[in-house]
Structure formats: structure tokens, C-alpha cells
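Let me begin by presenting the structure, written as C-alpha cells, before commenting on it.
What follows is calculated from the coordinates using simple rules that are stated; it is not laboratory data. As the structure is a prediction and not an experimental result, all values here were calculated from the model. Virtual Cβ from ideal backbone geometry, glycine too; neighbours counted across all protein chains shown.
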Amino acid sequence: MRIELTVNGERRDADVWEGESLLFALRERLGLPGSKNACEQGECGSCSVFLDGELVCACLVLAAQADGHDIVTVEGLGAGEELHPVQQAFVDAGAVQCGFCTPGLVVAVADLLDRVPHPSDDEIRESLSGNLCRCTGYSKIFDAVRIAAERA
Ligand code: FES
Ligand code: FES
């Protein structure tokens, strides 16, 4: 089936199989590999994107369900070559090791700071509980959230 959607502000279309995920369509059909596929079961958050402004796991959304909707991926957060403040904060805090979790975390943190500009540690913990990182021990990620919140 053919779907039409807006991705990072651009009108896009793609031929998709009825059962394929939005994550697959973004990565394999629309040339946007930023959202990562780590579990494909809604457990790790590495595929986090915005669907009509709501944070979702792209692996749990059918591409067909995104037809006619607005998607923002990690590639669409910054302004041109300029990093989004959350991306810059991850760089400055050294919150990236292998980087596999990072795109999903950046999207999830952007969502958190939109809702709660100055979150407490508990609010950060709660908000990011769906984003798994095997490398950092989360301490640098918390630092990145604090840096981004301070600069906002
Ligand atoms: S790949 Fe979607 S939640 Fe893990
Ligand atoms: S930096 Fe490797 S999984 Fe998070």
C-alpha cells in the first residue's frame, strides 16, 4: 500500500507492506536511519519518534497507521547543521558511548523538557524509564538532561 506522511517537515510517500512498522519504513524506505532498532518490541526506546507531537516507539506503530500523520525523528530535531540543545547537551556531558540508545534518548529528553522544563531527578528517572542504555550507567545522561534544562 502507498502511504503519504509528513516527516521532519517534508511531505513524503512510500510503498509499504501492511504489516511493516513505521520504524522499518523510516529506516529502510525513507532513508532515515537515526531511529534505531534494538528490540522491535517496545522495550528499549531506541526507536523513539514524535507522532503528531506524541512520543511513541516507532517499532510499535504500523507504517500504515502513520499515513496522513506528522512524524519527527531525531534527524528533524536540530535546525539545519545546528544541533538541538538536547543533542548538544549529550555531547557536552559526554553522555554517548556506543551511541545506540542515544537517538531515542535525545527524542525522549526533548519530549520531557517540553513538558517539564526543569525536571527533578525522579521526573527524569520516570520519564526515561522506557529508554535503555547498556553503556553509560545513566549518570552522564542525567547530566545531559540537567545541562539542557539549565540552558533552556
Ligand atoms: S526498537 Fe522500538 S522500543 Fe526497542
Ligand atoms: S551508549 Fe551504548 S547503549 Fe547507551
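A simple rule links phi to the HN-Hα coupling: the Karplus curve 6.51 cos²θ - 1.76 cosθ + 1.60 with θ = phi - 60°, which for region 73-84 gives 9, 4, 5, x, 6, x, 10, x, 7, 7, 5, 5 Hz, with x for Gly and Pro. To the nearest 10 degrees, how steep is helix 102-115 against the longest Cα principal axis of the chain, on a 0 to 90 scale? With rounding to tens, the tilt is 80 degrees. Using 1/(1 + (r/R0)^6) with R0 = 25 angstrom and r between the beta carbons of TRP17 and ASP52, what's the FRET efficiency to the nearest 0.05? For TRP17 and ASP52, the calculated efficiency is 0.65. Taken one residue at a time, the phi angles of region 59-69 give Karplus couplings (6.51, -1.76, 1.60, θ = phi - 60°) of 6, 9, 10, 6, 4, 4, 5, 8, 4, x, 10 Hz. Gly and Pro are set to x.
Centre-to-centre separation between the Cα atoms of region 26-102 and those of region 1-22: 15 Å.
Between HIS69 and ARG134, residue separation times 0.36 nm minus the direct Cα-Cα distance comes to 20.2 nm.
Taking every DSSP beta bridge that has both ends in the chain, the antiparallel portion is near 90%. Checking every one of the GluC sites (Glu not before Pro) in region 33-130 against DSSP loop status and a limit of 11 other Cβ atoms within 10 Å picks out GLU81. For region 95-152, the relative contact order works out to 50 percent when only alpha carbon pairs closer than 8 Å and six or more residues apart are counted. Using C-alpha pairs under 8 Å with a sequence gap of at least 6, the mean separation divided by the residue count of the chain gives a relative contact order of 24 percent.
The C-alpha atoms of the chain define a longest principal axis, and helix 139-151 lies at about 90 degrees to it. Here GLU4 and LEU60 are evaluated by their C-beta separation; at R0 = 35 Å the FRET efficiency comes out at 0.95.
Each label point was placed 7 Å from the Cα along the Cα-to-Cβ direction; for GLU82 and CYS98 their separation is 3.4 nm.
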